[in-house]
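What follows is a single structure, written as structure tokens, with notes after it.
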Amino acid sequence: MFGNKAIKAALLITVLGFLGLTLSTQASAACNLVSTKDGSPLPVKASETDTPQAKSFLETCINPYTKAYAADPTLVKAGGKKLFGYNGCSGCHGGKLEGVMAPSLSKNGGQGAYDGRWVYAKDSTDKGMFETISGGTPGVSGGTMYIWHQSLDGHIGDGLATDDILKIIGYIRAEYKGDGTKDWLK
């Protein structure tokens, strides 16, 4: 009935239509978080106890602390830096983000292969770094990072709230010394 070309054309139109629908759905979706471990959806949702800043991030993937800390460095000490030390991040990443058992987060160079660049390219954005901290890593740099977000199964200790992770990211960004663009400020 239909020629081979007609069937191929119909199939192509169907596939393109599906892709267009998928892309438009993704573009209209708010902040879709994905696991650094395997690319699956990362089920972090806003809760009643989340701050307005945390809820805003979960809708937009824009960390309000990053620009605030860049504009006023005095906020860093009481916010993200304190949380970074208190929650043991410095045990692996160093007290000055220089890297100890884990890569440097200041990206100021060092002995490790990842001390001058992000292990996961997506960490150049706040969304990507949030995904990495919240859901852990598969261990590309030689060691794995634990799951930290308190709403995710298997989190370390009591876990961290969305707001705490965002403040830690703000601190890491404020201390960045590496070369290149600061994608998180765009």
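The values are calculated or read from the model by the stated rules, or taken from the named source; none is laboratory data. The structure displayed is predicted, hence computed values, not measured ones. Reconstructed Cβ throughout: ideal geometry from the backbone, glycine too, with neighbour counts over all protein chains shown.
When L23, L11, L58 are screened for being at pLDDT 90 or above and not in a loop (DSSP other than H, G, I, E, B), only L58 passes.
Per the listing T132, T125, T66, the residue uniquely within 14 Å of W184 (Cβ to Cβ), β-branched (V, I, T) and touching a Leu at 6+ places or on another chain (Cβ under 8 Å) is T66.
The residues of region 78-123 that are β-branched (V, I, T) and more than 18 Å from the chain's Cα centre (by Cα) amount to a single one, V100. The residues of region 138-169 that are crowded, with 21+ Cβ neighbours inside 10 Å and either modelled with pLDDT under 95 or basic (K, R) (or both), listed by number, are M145, K167. Against the numbered list (1) of a type in the set (V, I, T); (2) surrounded by 19 or more Cβ atoms within 10 Å (Cβ to Cβ); (3) touching a Gly at 6+ places or on another chain (Cβ under 9 Å), I133 comes up short only at (3). Scan region 85-92 and tell me whether some residue there is in contact with a helix residue (DSSP H, G or I) (Cβ under 9 Å, 6 or more places away or on another chain), surrounded by 14 or more Cβ atoms within 10 Å (Cβ to Cβ) and over 20 Å from G142 (Cα atoms). Within region 85-92, one or more residues are in contact with a helix residue (DSSP H, G or I) (Cβ under 9 Å, 6 or more places away or on another chain), surrounded by 14 or more Cβ atoms within 10 Å (Cβ to Cβ) and over 20 Å from G142 (Cα atoms).
For S90, the test of being in the same structural domain as G139 (by TED's automatic domain parsing), hydroxyl-bearing (S, T, Y) and part of a helix (DSSP H, G or I) is passed. Taking the residues in region 99-137 that are of a type in the set (K, R) and not in a loop (DSSP other than H, G, I, E, B) as candidates, determine which candidate is farthest from I62 (Cα to Cα). Result: K122. Just one of the numbered conditions (1) at pLDDT 95 or above; (2) loosely packed, with under 10 Cβ neighbours inside 10 Å; (3) farther than 21 Å from Y146 by Cβ; (4) among the small types (G, A, S) is not true of G39: (3). Scanning region 73-87 for residues that are in a loop (DSSP other than H, G, I, E, B) and modelled with pLDDT of 90 or more yields a single hit, N87. Just to be sure, is T144 assigned by TED's automatic domain parsing to the domain that holds C61 and not in a helix (DSSP H, G or I)? Considered against the rule, which asks whether it is assigned by TED's automatic domain parsing to the domain that holds C61 and not in a helix (DSSP H, G or I), T144 comes out as yes.
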